[in-house]
1. Tally up the residues in the range 110-133 that are out of contact with any strand residue (DSSP E or B) (no Cβ under 6 Å at 6 or more places or on another chain), free of Cβ contacts under 8 Å to residues at least 60 places away in the same chain and either crowded, with 21+ Cβ neighbours inside 10 Å or on the phi > 0 side of the Ramachandran plot (or both), please.
2. Suppose we filter 113, 168, 131, 108 for residues that are over 24 Å from residue 43 (Cα atoms) and at pLDDT below 95; which single one remains?
3. Of the residues 36, 10, only one is in a helix (DSSP H, G or I), under 23 Å from residue 127 (Cβ atoms), modelled with pLDDT of 95 or more and out of contact with any Lys or Arg (no Cβ under 9 Å at 6 or more places or on another chain); which?
4. How many of the residues in the range 143-174 are among the small types (Gly, Ala, Ser) and in a strand (DSSP E or B)?
5. Go through the range 97-142 and give me each residue that's closer than 13 Å to residue 87 by Cβ, within 12 Å of the chain's Cα centre (by Cα) and in a helix (DSSP H, G or I).
6. Residues of the range 94-103 being surrounded by fewer than 18 Cβ atoms within 10 Å (Cβ to Cβ) and of a type outside the set (Phe, Trp, Tyr), which ones?
7. Would you be able to say whether some residue in the range 173-185 is over 21 Å from residue 37 (Cα atoms) and in contact (Cβ under 8 Å) with a residue 40 or more places away in the chain?
8. Take the range 62-96 and flag every residue that is aliphatic (A, V, I, L, M), under 15 Å from the mean Cα position of the chain (by Cα) and closer than 20 Å to residue 141 by Cβ.
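The values are calculated or read from the model by the stated rules, or taken from the named source; none is laboratory data. Here the structure is a predicted model, which means the values were calculated and not measured. We place every Cβ from the backbone using ideal geometry, glycine too, and count neighbours over all the protein chains shown.
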Amino acid sequence: MLSKIEARVKYKNLRKHLTESEILYMSVDIANNLLKLNIWELKTFHLFMTKDENKEVDTKPIFDILIGKEKEIIIPKININRNSLDSYIFDEKTVFSLDKLMIPEPVNGILFNGKIDVVILPLLAYDLDGNRIGYGKGFYDKFISNLKSEPLKIGVSYFSPEKSLEFNNHDINLDYCITPNKIFSFSEKSYY
């Protein structure tokens with residue numbers, strides 16, 4: 001079993017070696033694989049904003065798909081006072097700035113409190129059971145556990161899963177993880 005600390009070090013290091021063109025091509029492949037899931041009758045999609053300096057999966061191709069399919073797109077904004085995520089409706093008028101963590105966030109917009117059908121999550125590592133390791137702040141675990149109904153949880157990663165990762169009881173598992181080459185399923189929810 002790989003510890004959370006070991007996983008974070010390993011995958012941050014693997015990402016460091018990715019070129020901009022590799023990130024772009026793999027991000028497009030991930031977005032194309034997202035199209036293979038039978039999720040397009042669902043309405044509301046919560047999508048993270050890419051932190052470029054961390055070489056995260058670029059979510060712009062996913063944004064393009066969601067816009068093209070006329071989905072309601074919800075984007076997060078970190079609420080430092082509550083150590084949580086707030087959700088905002090994304091539209092053509094949304095203006096972004098970088099927060100203290102250098103994550104693009106909306107500076108205007110309408111706060112969203114409705115039902116979220118799908119959450120597309122950032123991650124550093126995940127395992128064959130759908131356990132996900134993020135950056136260690138627990139924002140998404142808290143966010144998902146506080147939603148009124150359980151959404152479909154989809155991770156995106158450049159890499160294949162680890163066999164087993166350290167996890168805690170409060171950690172939220174993925175239903176799917178999409179990579180450039182494959183979709184991994186961890187749930188009995190049948191969307192693939």
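1. 1
2. Details: 113 fails: over 24 Å from residue 43 (Cα atoms); 131 fails: at pLDDT below 95; 108 fails: over 24 Å from residue 43 (Cα atoms).
Selected residue: 168, the only one of 113, 168, 131, 108 that is over 24 Å from residue 43 (Cα atoms) and at pLDDT below 95.
3. None of the others qualify; the one that does is 10.
4. So the first thing to find is which residues in the range 143-174 are among the small types (Gly, Ala, Ser), and the list is 145, 149, 155, 157, 160, 164.
Applying the additional criterion that residues be in a strand (DSSP E or B) yields 155.
Within the range 143-174, residues that are among the small types (Gly, Ala, Ser) and in a strand (DSSP E or B) number 1.
5. 139, 140
6. Across the range 94-103, the qualifying residues are 94, 95, 97, 98, 99, 100, 101, 102.
7. No, the range 173-185 contains no residue that is over 21 Å from residue 37 (Cα atoms) and in contact (Cβ under 8 Å) with a residue 40 or more places away in the chain.
8. 74, 75, 78, 85
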